[in-house]
């Protein structure tokens, strides 16, 4: 049997790459324009085998913040997607270390957020969260925007309005 420690250090297999692709393609339940892989919450997919040949799949997800109410829906959706691929024993676990950061959002994810009218977060670069007064409007590109509410449809977004075009928009907060 492959131990959990050995599974973490073993190179990724072709099956694991395929299952990572399937799990990673699951849309985020709160931001369905981006996948779990693009959002950066999918942390790992490992397959282990028992001596009798039984195969188990373990998927690790890191929520965007420690009380994220969407983690249950993410887990259910990943389980469903992998079961549709013939994986009957799927365990989805929440891992909090290392913590998720907006730096984990892929470039495609940032582009898709902007195309959906959600201002993507700026890069943190591993340092302190920058204070930025220049949040770009995803509709017209202007940086003349104002904060309407610290929270929008989800806790990870703020509601802003562009003073140039007048359109309101969500801004994915930097974490």
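Any read-out appearing in this document is the output of simple, stated calculations on the displayed coordinates, not a laboratory observation. Keep in mind it's a predicted model, so treat the numbers as computed, not measured. Using ideal geometry, Cβ is built from the backbone for each residue, glycine included, and neighbour counts are taken over all protein chains shown.
Most simply put, the chain has about 70% antiparallel DSSP beta bridges, counting only bridges with both residues inside it.
Taking the square roots of five times each eigenvalue of the Cα gyration tensor of the range 60-129, the equivalent ellipsoid has semi-axes of 26, 16, 10 Å, listed largest first. Between 48, 102, 62, the residue with the greatest mean-square fluctuation in the GNM of the chain (Cα pairs under 10 Å linked by springs) is 48.
Comparing 147, 39, 15 in a Gaussian network model of the chain, where Cα atoms under 10 Å apart are tied by springs, the biggest mean-square fluctuation is seen for 15.
The protection proxy used here, the mean number of other Cβ atoms lying within 10 Å of each residue, ranks peptides 159-166, 24-31 as follows, highest first: 24-31, 159-166.
In the range 4-94 the Cα-Cα distances spread across 10 Å bins starting at 0 as 17, 53, 26, 5, 0 percent of all pairs. Its relative contact order, with pairs defined as Cα atoms under 8 Å and 6+ residues apart, puts the chain at 16 percent. Taking the number of Cβ atoms within 10 Å of each Cβ as an exposure proxy, the fewest-first ranking of 95, 45 is 95, 45.
Helix 71-84 and the longest principal axis of the Cα set of the chain meet at an angle near 50°. The reciprocal of the average 1/r between distinct C-alpha atoms defines the Kirkwood hydrodynamic radius, which for the chain equals 17.5 Å.
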